[in-house]
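Student: Let me begin by handing over the structure; questions about it come next.
The values are calculated or read from the model by the stated rules, or taken from the named source; none is laboratory data. Since we're looking at a predicted model, the values are computed, not measured. Because the Cβ atoms are built from the backbone with ideal geometry, glycine has one as well, and the counts that use them run over all protein chains shown. The accessibility values were calculated without ligands, DNA or RNA, using every heavy atom of the protein model including side chains. Shrake-Rupley method; radii C 1.70, N 1.55, O 1.52, S 1.80 Å.
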Amino acid sequence: MKNYLGERSFSADVAKRLGAALLKALQVSREIGSGRVGQNDGEIGEIGTTEQRHGDRGQNYKSSTSPKRRSAMKRELRDTVRRGPAGGPELPPEHQEKGGKRAAPKGEIKRLYLTVRGMSCAACVRRIENALRQTPGVVQASVNFAREKAVVDYIPGVVAPEELRSLIQGLGYEALVDEERPPEHEEEAPEADLRKLGRTLLFAATFTVPVVLGSFREFLPSIPAWLANPWLLLLLTTPVQFGAGWRFYLGAWSALKARSADMNVLIATGTSAAYLYSLLMTVVPGYFEARGMTPVIYYDTAAVIVTLILLGRYLEARAKRQTSAAIRKLMGLRPKMARVVRAGREVEIPVEQVVPGDLVVVRPGEKVPVDGVIVEGHSALDESMLTGESVPVEKGPGDEVIGATLNRTGTFRFRATKVGKETVLAQIIRLVEEAQASKPPIQRLADVVASYFVPAVLGIAVLTFLGWYFFGPVPSLLYALLNFVAVLIIACPCALGLATPTAVMVGTGKGAEYGILIKNGESLELAHKLDTIVLDKTGTLTKGKPVVTDVVARGAAERDLLFYAAAAEQGSEHPLGEAVVRYAREQAGLDLPSAEDFEAIPGRGVRALVAGKEVLVGTPELLEGRRVDLGDLKQEGEVLAEQGKTPMYVALDGVCVGLIGVADRLKPTSQRAIAALHQMGLETVMITGDHARSAAAIAREAGITRFRACVLPGDKAAEIKKLQEEGRIVGMVGDGINDAPALAQADVGIALGTGTDVAMASSDITLITGDLLGVVTAIQLSRRTIRTIKQNLFWAFIYNIIGIPVAAGVLYPFFEILLNPMIAALAMAFSSVSVVTNSLRLHSFRPRFPRLPEA
């Protein structure tokens, strides 16, 4: 886990800038090249092909990536990689907003998080987003109804956070700027709001029950006659209408002041109509009797509607709280106290007071308070909260420990390296929160509908009233009023606003439980459309720690061969070179001198001077390119390659003296993951720099029938682009620096958390562990989440499509059926609850993996 989310001094700034530099270099190389720079002549291989091409040793970035994403969803990711994190590198000289209509000044883009309270439906979300996006200096704005969060990317110097907060408040909502993320008390405010809403509901119900009993005395003869007195019913209803229901009037007034309309307008208009009609019937009944109308009061309608809507919002708030259970669970993992060594003695302090460099003591059964490196002692740590792996991991001096993991056995001391917001757990929480606050493209339709929904409903309600008043049966005014109220009350943009964000919140939270960090809603949605998965070989399909399996010497002693080869490879960071150095030191017991004039040849190998001799270690192309005759060693190497091993040829002073066979074995779960992907209907393609024979052997063992062999590191992105040009939607799985351009080029980039920071900065999904089964889980979770969103949207739309016409009385001419406004209120209240409850079903998600046949 060394590189997971990284040292801030490297991964958050330097790593992302390096990733941006790689992408820029690729683009420049495309412009100056003739068609494509560094392209290789390899085709997609099948098992058993014999093409000999180039290796993937070293790091060559002369490849091409498309300067334009295949989809609009990828453009935002690309821009993020290029500009780095908030407050990071400068923007490009021209930053365009609003489709290029306005150029913002050069500078940094910062991200502002706000808690927005008082939103009643999706129309509120649309109104806030539009107002923010039209503000000069705002690059992008997204508001999440379910999380009550707004995320705004803005340019300092053009607009200030306080201005944005004031803008939202001017629209009638409460906005709190959240500079420190995540705040320790973030979950306290929703709890307080829920308790307050519960008290309001209890207050409303206390007055509503006697109103209902008095209104239905003809069905309940035991109810005393005085309870049916209109003046008493007026007295009981007024606290409900203007006490418990005051929030609807405040919301409606704020919306109307902003020349908009939301759910509060519908509720306030509908209940007020029923209340005022009843009030007139109570105060001046003779006026109506003189005109042949029997006074009929509907206090019960007004009171019950307010109470039922409050009940619906209370249940909705409770259900929404469950959708953020993943965040609360992660926050709950953080220890409260830490035991540190100060002035030579152990003292217990709040974990917030631990600073980098502190010596921290952890005893058996305690949680590791912060991230650090063990300096003394050994133990087994349960890291299941982070990796999902239940088997404890043995740790000793020099090993890293992660905050919130559980110490199982021995006592140890470690030096704190990351505290507070820099710990792995804090950054996981931040990533999950950002993903939950984002919107997938599927939400766009609901947002557009919501922006027109309330005005359209008001129009339909007015037409309903006029139609019943002029053409309805006697008493036409009463029919017109009741149907007018029913249309207003049954309409529910709340369900539209909750359909997508609640599912995204539960889905991304469930992913975090399985060690899958999904960057945003776009990635979650696009993952379910993937039809091709491209997998890097080294470190992705394989363990990434190759070992020396064969040493074949010709014209030199075996120890001498190892001595020169390992000494030359000391300057290389390639896993194959590291395997040779490790073998020479640990197995052969050699003391290796420093090499001189070291040179890494990308995709070929290395050259160096060792003890006065020129040493070449690498591919046949490297040696033959320097006119070194391989002799019968070439056939020896081909035999090793057919066994899935990588042959590394060694030459001293222009004479080939032997070769070293190195093998990187498959991870234990790779075969099962590939079988699962195939079972799900996805095609898998392995991409590697190995020779075709070695690639074929590994592919055959993994169960992959299609591969690209001999691909230079810089050409991986170009290979992804080729597949995309075939019309495929491609997911790329990788873990190395040279995978970063390919991860950015792919429709969905999936990085292994055991890999490099640049790879993870360029990816859409990060697997905290290196287990490929996480790819299967991520895609299955994406499919399940999108299916849930579609179900939610279907019911939200169909509910309104059917409910509004029924409330308007469309069934009356045929069946003499009208919808009671109280029934409409009950249906509206539970429509939102049903959508959230359906999203909560994602908590039952479990990945499915096929069983492999016995060998």
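Student: Could you please let me know if residue 348 is at pLDDT 70 or above, over 30 Å from residue 237 (Cα atoms) and exposed (fewer than 14 other Cβ atoms within 10 Å of the Cβ)?
Tutor: Against the criterion (at pLDDT 70 or above, over 30 Å from residue 237 (Cα atoms) and exposed (fewer than 14 other Cβ atoms within 10 Å of the Cβ)), residue 348 qualifies.
Student: Any residue in the range 272-281 that is outside any helix (DSSP H, G or I), open to solvent by less than 50 Å² (accessible area, probe 1.4 Å), more than 21 Å from residue 495 (Cβ to Cβ) and not hydrophobic (A, V, I, L, M, F, W, C)?
Tutor: No, there is no match, as no residue in the range 272-281 is outside any helix (DSSP H, G or I), open to solvent by less than 50 Å² (accessible area, probe 1.4 Å), more than 21 Å from residue 495 (Cβ to Cβ) and not hydrophobic (A, V, I, L, M, F, W, C).
Student: Here is a follow-up. Listed residues 750, 789, 768; which is at pLDDT below 85, under 27 Å from residue 844 (Cβ atoms) and of a type in the set (A, V, I, L, M)?
Tutor: Within the list 750, 789, 768, the selection yields 768.
Student: Among the residues of the range 426-438, are any in a strand (DSSP E or B), open to solvent by 50 Å² or more (accessible area, probe 1.4 Å) and either free of Cβ contacts under 8 Å to residues at least 12 places away in the same chain or not aromatic (Phe, Trp, Tyr) (or both)?
Tutor: So far as the range 426-438 goes, no, none of its residues is in a strand (DSSP E or B), open to solvent by 50 Å² or more (accessible area, probe 1.4 Å) and either free of Cβ contacts under 8 Å to residues at least 12 places away in the same chain or not aromatic (Phe, Trp, Tyr) (or both).
Student: Among the basic types (Lys, Arg), within 30 Å of residue 725 (Cβ to Cβ) and touching a strand residue (DSSP E or B) at 6+ places or on another chain (Cβ under 8 Å): is that true of residue 604 in this structure?
Tutor: Considered against the rule, which asks whether it is among the basic types (Lys, Arg), within 30 Å of residue 725 (Cβ to Cβ) and touching a strand residue (DSSP E or B) at 6+ places or on another chain (Cβ under 8 Å), residue 604 comes out as yes.
Student: Before we move on, is residue 373 of a type in the set (Val, Ile, Thr), more than 27 Å from the chain's Cα centre (by Cα), assigned to a strand (DSSP E or B) and buried (at least 17 other Cβ atoms within 10 Å of the Cβ)?
Tutor: no
Student: Out of 330, 315, I need the residue that is of a type outside the set (D, E, K, R) and either more than 30 Å from residue 264 (Cα to Cα) or modelled with pLDDT under 75 (or both). Which one?
Tutor: 330
Student: Could you list, in sequence order, the residues of the range 147-175 that are surrounded by fewer than 17 Cβ atoms within 10 Å (Cβ to Cβ), over 27 Å from the mean Cα position of the chain (by Cα) and touching a residue at least 12 places away in the same chain (Cβ under 8 Å)?
Tutor: If the condition is that a residue be surrounded by fewer than 17 Cβ atoms within 10 Å (Cβ to Cβ), over 27 Å from the mean Cα position of the chain (by Cα) and touching a residue at least 12 places away in the same chain (Cβ under 8 Å), then 157, 158, 162, 163, 170 are the ones that fit.
Student: Could you please find all residues in the range 726-747 being modelled with pLDDT of 85 or more and either among the polar types (S, T, N, Q) or surrounded by fewer than 24 Cβ atoms within 10 Å (Cβ to Cβ) (or both)?
Tutor: Of everything in the range 726-747, those that are modelled with pLDDT of 85 or more and either among the polar types (S, T, N, Q) or surrounded by fewer than 24 Cβ atoms within 10 Å (Cβ to Cβ) (or both) turn out to be 726, 727, 728, 729, 745.
Student: Within the range 203-238, take every residue that is hydroxyl-bearing (Ser, Thr, Tyr) and out of contact with any Ser or Thr (no Cβ under 9 Å at 6 or more places or on another chain) and give me the one that is farthest from residue 309 (Cα to Cα).
Tutor: Taking the candidates together, the pick is 222.
Student: Wholly within the range 466-577, which helices (runs of 4 or more DSSP H) include no fewer than the required count, namely at least 3 residues that are closer than 30 Å to residue 826 by Cβ and in contact (Cβ under 8 Å) with a residue 24 or more places away in the chain?
Tutor: Helices (runs of 4 or more DSSP H) meeting the threshold: 476-490, 493-513.
Student: Considering the range 282-310 alone, what residues qualify as being of a type outside the set (A, V, I, L, M, F, W, C), assigned to a loop (DSSP other than H, G, I, E, B) and under 55 Å from the mean Cα position of the chain (by Cα)?
Tutor: Within the range 282-310, just 298 meets the criteria.
Student: Additional query: Can you tell me which residue within the range 118-145, out of those that are over 25 Å from residue 441 (Cβ atoms) and open to solvent by 30 Å² or more (accessible area, probe 1.4 Å), is modelled with the lowest pLDDT?
Tutor: The residue in question is 118.
Student: Of all residues in the range 819-834 being open to solvent by 60 Å² or more (accessible area, probe 1.4 Å) and more than 35 Å from the chain's Cα centre (by Cα), which is farthest from residue 312 (Cα to Cα)?
Tutor: 820
Student: Look through 637, 612 and report the one residue that is without any contact (Cβ under 8 Å) to a residue 60 or more places away in the chain and more than 49 Å from the chain's Cα centre (by Cα).
Tutor: 612
Student: Give just the number: which of (1) in contact with an Asp or Glu (Cβ under 8 Å, 6 or more places away or on another chain); (2) at pLDDT below 90; (3) surrounded by fewer than 19 Cβ atoms within 10 Å (Cβ to Cβ) does residue 531 not satisfy?
Tutor: In the conditions (1) in contact with an Asp or Glu (Cβ under 8 Å, 6 or more places away or on another chain); (2) at pLDDT below 90; (3) surrounded by fewer than 19 Cβ atoms within 10 Å (Cβ to Cβ), residue 531 misses (2) alone.
Student: Kindly indicate whether any position in the range 647-670 is surrounded by 19 or more Cβ atoms within 10 Å (Cβ to Cβ) and assigned to a helix (DSSP H, G or I).
Tutor: Checked the range 647-670: at least one residue is surrounded by 19 or more Cβ atoms within 10 Å (Cβ to Cβ) and assigned to a helix (DSSP H, G or I).
Student: Do you know which of the residues in the range 204-222 that are closer than 26 Å to residue 246 by Cβ and hydrophobic (A, V, I, L, M, F, W, C) is farthest from the chain's Cα centre (by Cα)?
Tutor: That would be 213.
Student: Residues to consider are 417, 411, 464; find the one that is open to solvent by less than 20 Å² (accessible area, probe 1.4 Å), among the hydroxyl-bearing types (Ser, Thr, Tyr) and at pLDDT 90 or above.
Tutor: Only one candidate passes the filter, namely 464.
Student: Taking into account only those residues within the range 386-403 that are open to solvent by 40 Å² or more (accessible area, probe 1.4 Å) and in contact with a Lys or Arg (Cβ under 9 Å, 6 or more places away or on another chain), which is modelled with the lowest pLDDT?
Tutor: 392
Student: Kindly establish whether residue 166 is small (Gly, Ala, Ser) and out of contact with any helix residue (DSSP H, G or I) (no Cβ under 8 Å at 6 or more places or on another chain).
Tutor: When the stated conditions are applied, residue 166 passes them.
Student: Could you say which residue among 641, 699 is in contact with a strand residue (DSSP E or B) (Cβ under 9 Å, 6 or more places away or on another chain), small (Gly, Ala, Ser) and crowded, with 23+ Cβ neighbours inside 10 Å?
Tutor: 699
Student: Here is a further query. For the range 437-458, give me each residue that is more than 17 Å from the chain's Cα centre (by Cα) and among the hydrophobic types (A, V, I, L, M, F, W, C).
Tutor: Selection gives 445, 446, 448, 449, 450, 453, 454, 456, 457, 458.
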